[in-house]
1. Just the residues that are of a type in the set (D, E, K, R) and assigned to a helix (DSSP H, G or I), please, taken from region 62-102.
2. Across region 157-178, what is the number of residues that are at negative phi and within 11 Å of the ligand (Cβ to nearest atom)?
3. How many of the residues in region 139-161 are under 22 Å from residue 105 (Cα atoms) and exposed (fewer than 12 other Cβ atoms within 10 Å of the Cβ)?
4. Identify all residues within region 155-171 that are touching a residue at least 24 places away in the same chain (Cβ under 8 Å), more than 22 Å from residue 202 (Cβ to Cβ) and small (Gly, Ala, Ser); write none if there are none.
5. Can you give me the number of residues within region 38-61 that are of a type outside the set (Lys, Arg) and either in a loop (DSSP other than H, G, I, E, B) or closer than 22 Å to residue 235 by Cα (or both)?
6. Please verify whether residue 225 is modelled with pLDDT under 95 and in contact with a Lys or Arg (Cβ under 6 Å, 6 or more places away or on another chain), treating the condition exactly as stated.
7. Can you pull out the residues in region 207-220 that are of a type in the set (A, V, I, L, M) and either within 12 Å of the ligand (Cβ to nearest atom) or over 19 Å from the mean Cα position of the chain (by Cα) (or both)?
8. Could you tell me which residue of region 92-132 is nearest to residue 184 (Cα to Cα), considering only residues that are among the aromatic types (Phe, Trp, Tyr) and touching a strand residue (DSSP E or B) at 6+ places or on another chain (Cβ under 7 Å)?
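The values are calculated or read from the model by the stated rules, or taken from the named source; none is laboratory data. For clarity, every value in this text was computed on a predicted model and none was experimentally measured. Note that each Cβ is placed from the backbone with ideal geometry, even for glycine, and that neighbours are counted across all protein chains shown.
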Amino acid sequence: MTTATLSTNGSPKAVSILGVDVVPFESYAEAVKCAEETIASRRKTFWVAINPEKIQTALGDTQLRSVLAEADVGLCDGIGVAIAARLLQGVKLRRCTGCDLFFHLMARAAEKGWKVFLLGASPESSGRACARLVERFPGLQIVGHRDGYFNDSSEVVAEVNASQADMLFVAMGSPRQEYWISEHREALHPPFCMGVGGSLDIASGEAPRAPRFFQKTGMEYFYQVIFRPGWSAGVRWRRTLSRLSFMMAVLRETMAGRGNRCRTVASASHAGSGGKHA
Ligand code: UDP
């Protein structure tokens with residue numbers, strides 16, 4: 001299924017960023033409504049937060065590219081993707097981060113009575129995230145949770161299915177969580193499946209959320225890269241370099257696109273003037 005087929009009410013058509021599709025949701029409310037429709041229809045959908053690192057990795061990794069192509073909804077998870085959309089496609093994409101959408105969906109799940117399964121993070125973080133979420137969103141039904149450090153995936157799939165969850169959130173880091181969802185998608189019953197990276201660590205309080213200023217200006221990544229506990233220096237560098245490579249790839253593509261447009265205009269005007277002289 002492609003994103004274009006998600007909704008019958010004209011949900012936005014995906015924008016391609018270096019070959020990876022992102023849905024231009026106007027607001028979190030629109031994204032939540034889209035999730036609501038898929039849960040009501042019981043159609044299985046796979047949601048992925050698309051950030052510069054993921055696109056950059058996918059450029060050199062055909063397996064990840066095909067997993068991302070399988071996803072039904074790609075979210076504009078950060079300002080880097082929004083800038084790329086502007087430069088490459090002339091499209092204004094609003095940010096719809098995986099982490100913020102996760103909290104919006106928790107609020108709606110509590111209202112609607114959707115059953116939620118949380119998979120991933122350490123056992124302590126997973127337990128604490130559940131307790132805090134239930135406290136923050138009264139009525140939230142977390143029908144199952146387990147940490148993301150396991151060997152037997154079939155046992156986990158059986159546990160998720162037995163819980164009769166409507167929504168499965170997988171927080172095992174990228175691209176591990178996307179591979180896991182893709183591999184077990186057929187066997188998993190919940191209609192809504194989404195990779196949420198470090199969101200459970202934020203929900204549990206284990207990882208700090210960036211202050212408002214960083215969130216509002218799209219600079220949350222810079223805060224995380226400095227203050228996020230548990231990331232080694234190597235991870236911080238690898239992530240930063242990957243983002244820089246992504247921006248370089250976007251700039252190269254933008255220049256190439258401009259070059260092609262100039263050549264097209266030049267040859268069209270050349271053909272036009274030839275016609276006049278004939
Ligand atoms: N994690 C997990 N299983 C693993 C490896 C990692 O559950 O085998 C968890 C880890 O405990 C952390 C999350 O995945 O809670 C990764 O968070 P991060 O912010 O690094 O996610 P990303 O930025 O890659 O989406």
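1. Taking region 62-102 first, the residues of a type in the set (D, E, K, R) are 65, 70, 72, 77, 86, 92, 94-95, 100.
65, 70, 86, 100 - these are the residues of region 62-102 that are of a type in the set (D, E, K, R) and assigned to a helix (DSSP H, G or I).
2. Adding up the residues that qualify gives 8.
3. The qualifying residues number 1.
4. 163, the sole residue that qualifies.
5. Of the residues in that region, 13 qualify.
6. Working: modelled with pLDDT under 95: yes; in contact with a Lys or Arg (Cβ under 6 Å, 6 or more places away or on another chain): yes.
Yes.
7. From region 207-220, those of a type in the set (A, V, I, L, M) are 207, 210, 219; that's our starting set.
Selection gives 207 alone.
8. Among residues in region 92-132 that are among the aromatic types (Phe, Trp, Tyr) and touching a strand residue (DSSP E or B) at 6+ places or on another chain (Cβ under 7 Å), the one nearest to residue 184 (Cα to Cα) is 117.
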